[in-house]
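> Once you've had a glance at the structure underneath, I'll fire off some questions.
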Amino acid sequence: MSVDVLRWEGLLQGEEVAYLTTEPEREPRFAPLPPDLDGRVRDAIGVPQLYAHQRAVWDVAARGEHVLVTTGTASGKTLAFNLPVLDELARRPKSRALYLYPTKALAQDQFRTLSAYRVPRLKPAIYDGDTPTEQRWQIRKWSNVILSNPDMVHVGLLPNHDRWGDVLANLRYVVIDEAHVYRGVFGSHVANVLRRLRRLAHVYGSEPQFLLASATVSNPGELASSLLGVPVAVVGDDAAPRAERTVLLWNPPLLDAELGLRGSALAEAAKLQASFVERGLRTLTFAKSRKAAELIHRFTAERLGDDAHLSPYRAGYTAQQRREIERLLSEGDLLGVSATNALELGIDVGLLDAVISVGFPGTVASLRQQWGRAGRRGHGLAVLVASEDGLDQFFMREPEKLLGRRVEAAILDHANPRVLAGHVRSAAYEAPLTADDAEVLGPEAIEAALRDDKLRRTPAGIVWAGHEHPAARVSLRSGEPEAFTIVDGSTGAVLGVVERSRAYSTVHEGAVYLHMGESYLVRELNLNTMYAVVEPFSGDRYTQAKKETMTGIVEPRRVEWRLGMELFFGEIEVTEQVVAYERRTLSSQERIELVPLELPPTTFATEAVWYLPEPHQLAEVDEMPRLLGTLHAAEHAMIAILPLWAMCDRWDIGGLSTNVHPETGRPTVFIYDGHPGGVGITERGFEQFEGWVADTAAMIRGCPCSDGCPSCVQSPKCGNLNDMLDKAGALTFLARLR
């Protein structure tokens, strides 16, 4: 069954089709196997030649350089970084390699890949939180490829480096797969963990070479060198073949133009999935939550009459269950799989004809990764079904902004003071800090060490003055030391951590909290023990916090005259107090009730962009309350569009607009990084301000609603619950910025 048949049958037409195009197939470009590749490895890999980019990685690695390979989905990145490692271990089995993965599932998949090679004297092993204690010393002693994750290196390996002496002394390669995941706060932490690893390897006499692999990002060299602190060569010319692919942008029908109300994206996705499955197309549908994935599964089954050829696919499946789904897909017994975005698939993606992405997944890079799974057998079909979100609707009207755009930049900042502090203490615990360490850890680390009263100076260097190791108190996913632990009260399992500055608005009592696509209801938020106790929740509602926000300017770092007004980037202090929350139904978005809350205010320092509109830019919208509605709507719309320019989520960004700010004495709009300290998101906005404003104005202008809707100026996270928004005023103002 080809995609052409879908066209003949009229499935790819109608008012819902916002855009339809075909991306041509690409022929592979090959290169010979390296002549100096060990014969045992040559026999084990079983391929007569390499793609040109795989050979390029080998050549760069052979020169002793650190290298990042950034090519499309299923382009053979794994073999590219495995070859130098396999060759080294075949020749020198006492050498060690460390592979780091962001999830356990991916580490398990790589373990299976390595084991299947059957290279003599290759001894891979997984070392993570699930590894039994009695096996750990054996792995440290005999395994020459250790598969782990950054968290384990941070709290397991580095503080206990004396147990890892032989590994560190013989560490030849460190492989970092899925490098694009290491951005924002998490990436900033991981960058410090990798610097600490480089420092200790040097102490033990080794200088490991780093091999990185990443999905396509616009700044691969910058990302890799930010992670490691050293120059990294980039191989990005993808030589793998690609099947011809049809790309379809599908917009649910407009039910009420005045309110901007559209049909359900989930129902539309199910309609498409059912059509594809009926015609024998193997289809994978990505949704943003498990509830959404399960609803798509249910709606598809209702359309088909049964679910014999369908399966939902979620986090928590065992490797065996994943292999079973893979087997059923490959044999054609399973044709429709609904999964969550949060899932690292680990499925052999060579088996799919069509991919449906329900709602823009947040970054062009993520969307391309999902779509890259379509058409590995032949002509593929890649679909984006738009949600009502502003960015989704913008892409439906301006498809070239999505399809013709370079992917975003992955941004991190290892020197963010709130991230750096815990790693400086950890490094001082691991080995005395001296001025020489500035080269690896960065000069900011030594400056921070000299200011830290928990560290003390000795003749050998600066050391940790406490007893227990400090790494245990540093979460790699939080930008501040004070974080709440989220616990599932029904199982006792720890789901994650949330910074204090965000906890009151996301895990207050009564909140519906989303984790890995699963919904939980918060039963208790204990401010003394710093625990939030939740339980699984399947009801038809969500919550939105109402909060009061104030900003204080700490230090403008950059000031420029841009688009006819003063634009600032710098440090601000944000004070937020959650005063209530709203319960709404998921299905109809109706407000159920507003529940008051009594929570203390939180204050945090962060980075922000702010601007001061000139009087002529606000002419005719400068009377209250219209002025406030104009600025508030512009702020919301700019927050919705910023993820196009920086690799982030709108939930990572906050904002405040005011008709008169106490420090500027004028109308002012602030857009700030929601993570304490900031990780570079708003600085990217400052640098790309003209494009950011133009895209925002185009998004508002194109929305068919009359007074503002979730597809333009309403925000799902507005602290004022979307009160006081003037769509027309915002467009008038933004259109004058030239």
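> Scanning for something over 23 Å from the mean Cα position of the chain (by Cα) and of a type outside the set (Lys, Arg), does the stretch 498-508 turn up at least one residue?
yes
> Pull out all pairs, ordered by first then second residue, where Cβ-Cβ is under 9 Å, the residues are six or more apart or on different chains, the first lies in the stretch 266-293 and is on the phi > 0 side of the Ramachandran plot, and the second is open to solvent by 40 Å² or more (accessible area, probe 1.4 Å).
280/1
> Same structure, new question: Determine the pairs where a residue that is touching a residue at least 40 places away in the same chain (Cβ under 8 Å), located within the stretch 725-738, has a partner that is open to solvent by 20 Å² or more (accessible area, probe 1.4 Å) with Cβ atoms under 6 Å apart, the partner being 6 or more residues away or on another chain.
Listed by first residue and then by second, the contacts come to 726/626; 727/707; 729/626; 737/563.
> Of all residues in the stretch 663-705, which are out of contact with any Gly (no Cβ under 8 Å at 6 or more places or on another chain), open to solvent by 10 Å² or more (accessible area, probe 1.4 Å), in a loop (DSSP other than H, G, I, E, B) and at pLDDT below 95?
680, 688 - these are the residues of the stretch 663-705 that are out of contact with any Gly (no Cβ under 8 Å at 6 or more places or on another chain), open to solvent by 10 Å² or more (accessible area, probe 1.4 Å), in a loop (DSSP other than H, G, I, E, B) and at pLDDT below 95.
> Name every residue in the stretch 294-306 that is surrounded by 22 or more Cβ atoms within 10 Å (Cβ to Cβ) and in contact (Cβ under 8 Å) with a residue 40 or more places away in the chain, in order of residue number.
Correct list: 296, 297.
> All but one of (1) at pLDDT 90 or above; (2) more than 26 Å from residue 476 (Cα to Cα) hold for residue 120; which doesn't?
The one condition residue 120 does not meet is (1).
> Identify the residue in the stretch 652-662 that is open to solvent by 20 Å² or more (accessible area, probe 1.4 Å) and assigned to a loop (DSSP other than H, G, I, E, B) and, among all such residues, is nearest to residue 554 (Cα to Cα).
Selected residue: 662.
> Just wondering, is there one or more residues in the stretch 177-197 that are among the small types (Gly, Ala, Ser) and at pLDDT 95 or above?
Yes: one or more hits.
> A further question on this structure: Please find, within the stretch 415-447, the residue that is surrounded by the most Cβ atoms within 10 Å (Cβ to Cβ) out of those that are part of a loop (DSSP other than H, G, I, E, B) and of a type outside the set (Ser, Thr, Tyr).
416
> Let me ask you something else. Considering only the stretch 448-481, state which residues are assigned to a helix (DSSP H, G or I) and either over 29 Å from residue 182 (Cα atoms) or open to solvent by 100 Å² or more (accessible area, probe 1.4 Å) (or both).
Across the stretch 448-481, the qualifying residues are 451, 473.
> Continuing with the same structure: Just the residues that are of a type outside the set (S, T, N, Q) and part of a helix (DSSP H, G or I), please, taken from the stretch 98-111.
Matches in the stretch 98-111: 104, 105, 106, 107, 109, 111.
> Additional query: For residue 502, indicate whether it is of a type in the set (Lys, Arg), open to solvent by 30 Å² or more (accessible area, probe 1.4 Å) and more than 28 Å from residue 592 (Cα to Cα).
It is false that residue 502 is of a type in the set (Lys, Arg), open to solvent by 30 Å² or more (accessible area, probe 1.4 Å) and more than 28 Å from residue 592 (Cα to Cα).
> Do we find a residue being more than 30 Å from residue 73 (Cα to Cα) and buried (at least 22 other Cβ atoms within 10 Å of the Cβ) anywhere in the stretch 395-407?
No, the conditions are met nowhere in the stretch 395-407.
> For the stretch 139-159, what are the residues that are in a loop (DSSP other than H, G, I, E, B) and touching a residue at least 60 places away in the same chain (Cβ under 8 Å)?
Within the stretch 139-159, 158, 159 meet the criteria.
> Look through the stretch 374-393, keep the residues that are surrounded by 23 or more Cβ atoms within 10 Å (Cβ to Cβ) and out of contact with any Phe, Trp or Tyr (no Cβ under 9 Å at 6 or more places or on another chain), and return whichever of them is modelled with the highest pLDDT.
393
> Restricting attention to the stretch 246-264, which residues are in contact with a Ser or Thr (Cβ under 7 Å, 6 or more places away or on another chain) and open to solvent by 20 Å² or more (accessible area, probe 1.4 Å)?
Listed by number, the list holds a single entry, 258.
> Let me ask something else. Testing residue 737 on (1) under 23 Å from the mean Cα position of the chain (by Cα); (2) farther than 26 Å from residue 542 by Cβ, one condition comes back false. Which one is that?
Among (1) under 23 Å from the mean Cα position of the chain (by Cα); (2) farther than 26 Å from residue 542 by Cβ, residue 737 violates only (1).
> Which numbered condition in (1) open to solvent by 10 Å² or more (accessible area, probe 1.4 Å); (2) of a type in the set (A, V, I, L, M, F, W, C); (3) under 27 Å from the mean Cα position of the chain (by Cα) is the only one that residue 569 fails?
Single failed check for residue 569: (1).
> Please determine, by comparing only the residues of the stretch 715-738 that are modelled with pLDDT of 90 or more and more than 21 Å from residue 672 (Cα to Cα), which one is least open to solvent (accessible area, probe 1.4 Å).
Looking at the filtered set, the residue picked out is 729.
> Output the residue which, of all residues in the stretch 19-53 that are farther than 24 Å from residue 93 by Cα and hydrophobic (A, V, I, L, M, F, W, C), is surrounded by the most Cβ atoms within 10 Å (Cβ to Cβ).
Top of the filtered list is 50.
> Given the options 566, 623, name the one that is under 29 Å from residue 259 (Cβ atoms) and modelled with pLDDT of 90 or more.
Unique residue meeting the criteria: 623.
> Kindly list the number of the only condition in (1) open to solvent by less than 30 Å² (accessible area, probe 1.4 Å); (2) more than 25 Å from the chain's Cα centre (by Cα) that fails for residue 490.
Of everything listed in (1) open to solvent by less than 30 Å² (accessible area, probe 1.4 Å); (2) more than 25 Å from the chain's Cα centre (by Cα), residue 490 misses just condition (1).
> Let me ask something else. Of the residues in the stretch 112-138, how many are surrounded by fewer than 19 Cβ atoms within 10 Å (Cβ to Cβ) and either in contact (Cβ under 8 Å) with a residue 60 or more places away in the chain or in a helix (DSSP H, G or I) (or both)?
13
> Looking at 230, 247 in this structure, which one is under 28 Å from residue 286 (Cβ atoms) and out of contact with any helix residue (DSSP H, G or I) (no Cβ under 6 Å at 6 or more places or on another chain)?
Unique residue meeting the criteria: 247.
> Is one or more of the residues making up the stretch 642-651 modelled with pLDDT under 95, open to solvent by 40 Å² or more (accessible area, probe 1.4 Å) and assigned to a strand (DSSP E or B)?
No, that holds for no residue.
> I've got another one for you. Name the residue, out of 407, 440, that is among the aliphatic types (A, V, I, L, M), modelled with pLDDT under 95 and farther than 24 Å from residue 605 by Cα.
407
> Residues in the stretch 469-500 that are among the small types (Gly, Ala, Ser) and farther than 18 Å from residue 424 by Cβ: how many?
So the answer is 6.
> Confirm whether residue 530 is in contact (Cβ under 8 Å) with a residue 12 or more places away in the chain, on the phi > 0 side of the Ramachandran plot and touching a strand residue (DSSP E or B) at 6+ places or on another chain (Cβ under 9 Å).
So residue 530 passes the test.
> Which residues, taken from the stretch 74-109, are touching a Ser or Thr at 6+ places or on another chain (Cβ under 8 Å) and either surrounded by fewer than 20 Cβ atoms within 10 Å (Cβ to Cβ) or acidic (Asp, Glu) (or both)?
Matches in the stretch 74-109: 78, 88.
The values are calculated or read from the model by the stated rules, or taken from the named source; none is laboratory data. All values derive from a computational prediction rather than experimental measurement. We place every Cβ from the backbone using ideal geometry, glycine too, and count neighbours over all the protein chains shown. Surface areas here come from the heavy atoms of the whole protein model, side chains and all, with no ligands, DNA or RNA. Shrake-Rupley method; radii C 1.70, N 1.55, O 1.52, S 1.80 Å.
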